[in-house]
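Peer 1: Below is one structure. I have some questions about it.
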Amino acid sequence: MSELALAAFAAERGAHLIREPRDRAYVAFKRSFDVAGFLAGLAAAGVRWLTRSDSAFPPLLRAIHDPPAGLFGRGAAEVELLGRAAVGIVGARSCSLYGAQVARMLGRELAAAGLVVVSGLARGIDGEAHRGALDAGGVTVAVLGCGIDRDYPASHAELAARIRATGLAVSEYAPGVEPAPWRFPARNRIIAGLCDATVVVEARERSGALITADLALEEGREVLAVPGEITSALSGGTNSLLRLGATPLTGSGDVLELFGLSPAAATAVDLSETADNVLGRLRDGPASADELARATGLGAGALASALTELELAGVAVAAGGVFRAD
């Protein structure tokens, strides 16, 4: 179990290690390392350890040039989940309302079609991708940039618990390791390594999401980017990826085609005629209440009732005074 000793030593030293060092400190640590005791402590905390040399270790991740010594995991799913067809969805933490909606839609539709959605549990795009997968009753994997016992950011503790209820949270870092800025680029290689394809929804120039995309490209994986407004800084990174040859993503079907999958059958929604007319207008593009009133000729009360019906049916969302078909 030299890989476990390596992970434990890295945690103790606050270092990032993927190969055994040859210094005397590590040799002494390994000689005295209590494998059985460490594993017992992990089990008591509900944590599993999957070593790089284990046959169950995900083949795609093992194939990258710097795979982790192993993965610590928490969650209800079996580790075989990590070997299933998966797509990474990444992007800006401070995303736009549009970016959040696209990430959630992609997470929902890709998970509904049978793909595992992998992301990093961060605010913004990551969180919305996880939520979309959960909305569809699918499974999602959160890759952490800190110890496996941490929910980071703390504001996503409830989301992390929902992910673990059906899926997995994984990390190369042992319990007790604090988050640090340099750990997140290292985390990104695991997101890219677990996935056949990576989607970048929104990203500024020099965004961490672009690190994930670059790593995926280096490993010969598919990279897709959502086109964005040329005047928006949040689209600078994604538009640069497109200029460099990334595949433009115009809908979940672009990803499903790579896997030879078909979209899940749409669930029929029973709407009133008025709500259906408003939804038809929203499918042409987002609109404010005033714009919808002018386009449909509805009074304030009837329009409010129709919009409430659409939101309750889960086919429209409102944010910042703007309504969008979902």
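The values are calculated or read from the model by the stated rules, or taken from the named source; none is laboratory data. All of these numbers come straight from a predicted model, not from anything done at the bench. Here the Cβ is made from the backbone with ideal geometry for all residues, glycine too, and neighbour counts use every protein chain on show. Note: accessible area is taken over every heavy atom of the protein model, side chains too, but ligands, DNA and RNA are not part of it. Shrake-Rupley method; radii C 1.70, N 1.55, O 1.52, S 1.80 Å.
Peer 1: Tell me which residues, restricted to the range 126-147, are of a type in the set (Gly, Ala, Ser) and either in a strand (DSSP E or B) or touching a residue at least 40 places away in the same chain (Cβ under 8 Å) (or both).
Peer 2: Step one: list which residues in the range 126-147 are of a type in the set (Gly, Ala, Ser), which gives 127, 129, 132-133, 136-138, 142, 145, 147.
Passing the criteria: Ala129, Ala136, Ala142, Gly145, Gly147.
Peer 1: Only residues that are part of a helix (DSSP H, G or I) and open to solvent by 10 Å² or more (accessible area, probe 1.4 Å): list them for the range 112-125, please. Please lay out each step first, then the result.
Peer 2: Within the range 112-125, the first condition is being part of a helix (DSSP H, G or I), and the residues that meet it are 112, 125.
Scanning the range 112-125 gives a single hit, Ala112.
Peer 1: Go through the range 214-234 and count every residue that is over 20 Å from Gly83 (Cα atoms) and in contact with a helix residue (DSSP H, G or I) (Cβ under 8 Å, 6 or more places away or on another chain).
Peer 2: Number of matching residues: 8.
Peer 1: Out of Gly145, Gly137, which single residue is of a type outside the set (A, V, I, L, M, F, W, C), at positive phi and over 11 Å from the mean Cα position of the chain (by Cα)? If you could, list the steps in order and put the result at the bottom.
Peer 2: Numbers: Gly145 fails: at positive phi.
On inspection, the qualifying residue turns out to be Gly137.
Peer 1: Between residues in the range 148-171 that are within 14 Å of Leu71 (Cβ to Cβ) and residues that are among the polar types (S, T, N, Q) and open to solvent by less than 10 Å² (accessible area, probe 1.4 Å), which pairs lie under 8 Å by C-beta distance while being six or more apart or on different chains?
Peer 2: Ile148/Ser171; Gly167/Thr140
Peer 1: Mind counting the residues in the range 190-233 that are of a type in the set (Ser, Thr, Tyr), open to solvent by less than 60 Å² (accessible area, probe 1.4 Å) and in a loop (DSSP other than H, G, I, E, B)? Spell out how you get there, then give the answer.
Peer 2: First, pick out the residues of the range 190-233 that are of a type in the set (Ser, Thr, Tyr): 198, 207, 212, 231-232.
The next check asks that each one be open to solvent by less than 60 Å² (accessible area, probe 1.4 Å); those that pass are 198, 207, 212, 232.
Then keep just the ones that are in a loop (DSSP other than H, G, I, E, B); that gives 207, 232.
So the count comes out to 2.
Peer 1: Given (1) surrounded by fewer than 21 Cβ atoms within 10 Å (Cβ to Cβ); (2) among the aliphatic types (A, V, I, L, M); (3) touching a Cys at 6+ places or on another chain (Cβ under 7 Å), where does Ala86 come up short, assuming only one miss?
Peer 2: The number of the failed condition is (1).
Peer 1: Right, something else. Suppose we filter the range 278-326 for residues that are buried (at least 17 other Cβ atoms within 10 Å of the Cβ), part of a loop (DSSP other than H, G, I, E, B) and either more than 27 Å from the chain's Cα centre (by Cα) or aliphatic (A, V, I, L, M) (or both); how many remain?
Peer 2: Qualifying residue count, the range 278-326: 2.
Peer 1: Moving on to the next point. Please determine, by comparing only the residues of the range 2-18 that are touching a residue at least 24 places away in the same chain (Cβ under 8 Å) and not in a helix (DSSP H, G or I), which one is farthest from Asp66 (Cα to Cα).
Peer 2: This residue is Gly14.
Peer 1: Residue check: is Ala180 part of a loop (DSSP other than H, G, I, E, B), among the hydrophobic types (A, V, I, L, M, F, W, C), farther than 17 Å from Arg48 by Cα and open to solvent by 10 Å² or more (accessible area, probe 1.4 Å)?
Peer 2: Values: part of a loop (DSSP other than H, G, I, E, B): yes; among the hydrophobic types (A, V, I, L, M, F, W, C): yes; farther than 17 Å from Arg48 by Cα: yes; open to solvent by 10 Å² or more (accessible area, probe 1.4 Å): yes.
Here the answer is yes, as Ala180 does meet what is asked.
Peer 1: Spot the failing condition for Gly237; the list is (1) closer than 25 Å to Leu81 by Cα; (2) open to solvent by less than 10 Å² (accessible area, probe 1.4 Å), and only one is missed.
Peer 2: If we test Gly237 against (1) closer than 25 Å to Leu81 by Cα; (2) open to solvent by less than 10 Å² (accessible area, probe 1.4 Å), just (1) comes out false.
Peer 1: Please work out which residue is least open to solvent (accessible area, probe 1.4 Å), limiting yourself to the range 26-40 and to residues that are touching a residue at least 12 places away in the same chain (Cβ under 8 Å) and not in a loop (DSSP other than H, G, I, E, B). Lay out the reasoning, then the answer.
Peer 2: Our first condition is that a residue be touching a residue at least 12 places away in the same chain (Cβ under 8 Å); within the range 26-40, this holds for 26, 29-30, 33, 35, 38-39.
With not in a loop (DSSP other than H, G, I, E, B) added as a condition, the list becomes 26, 29-30, 35, 38-39.
Values: Tyr26: 5, Phe29: 34, Lys30: 85, Val35: 46, Phe38: 57, Leu39: 66 Å².
My answer is Tyr26.
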